[in-house]
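The values are calculated or read from the model by the stated rules, or taken from the named source; none is laboratory data. This one's a predicted model, so the numbers in the text were calculated from it and none came from an experiment. Cβ atoms come from the backbone with ideal geometry, glycine included; neighbour counts cover every protein chain shown.
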Amino acid sequence: MQTLAQTLSAQAVNTSLTQLLFTLAETSIAISGAVRHGALAGVLGATEQENVQGETQKKLDVITNDMLKDALKADATVRGIASEEEDYVVEANAQGKYLVSFDPLDGSSNIDINSLVGTIFSVLPAQAGEFNEQSFLQAGRKQVAAGYVLYSHQL
């Protein structure tokens, strides 16, 4: 079995994209811990807020969104982020090379029945100029990375 580092090296993925993928991987490990300890940590249940889809947010939706948002904003390669849990796109670093879209906890309606959930992400190149929602509306062939991280059940 190959590690993420070995796979990215074998594929000759550039340094900035490798850095971003490691940020996503490390944050996913932390999210896995939050999901695994959900009931024990008292973070199950719903909030009184709705996401952009009109769905009631779960506490873990908000927690995992904040985890990803904070990690991506701290990564110098990220220009901006778009999350299912945010009303608007979030600017990160003006010199960043990438835009990251994500659903921090896909399938969060499964949390209360202790079923599988995951994180979906897509990485696009950032374009020079103004940053706004239109920045994310690019042809799919421009996508440079995408992934789904599947988390196991809770303890």
Inset, instruction - State which residue is surrounded by the most Cβ atoms within 10 Å (Cβ to Cβ) when the search covers only the range 70-101 and only residues that are among the charged types (D, E, K, R), touching a strand residue (DSSP E or B) at 6+ places or on another chain (Cβ under 6 Å) and not in a loop (DSSP other than H, G, I, E, B). - result: ARG79
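Condition check: modelled with pLDDT under 90, closer than 23 Å to GLY96 by Cβ and either surrounded by 15 or more Cβ atoms within 10 Å (Cβ to Cβ) or within 19 Å of the chain's Cα centre (by Cα) (or both). Does VAL13 satisfy that?
Numbers: modelled with pLDDT under 90: yes; closer than 23 Å to GLY96 by Cβ: yes; either surrounded by 15 or more Cβ atoms within 10 Å (Cβ to Cβ) or within 19 Å of the chain's Cα centre (by Cα) (or both): yes.
Answer is yes for this residue.
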Legend entry - Positions within the range 107-146 being hydroxyl-bearing (Ser, Thr, Tyr) and at pLDDT 90 or above, in sequence order: SER122, SER135
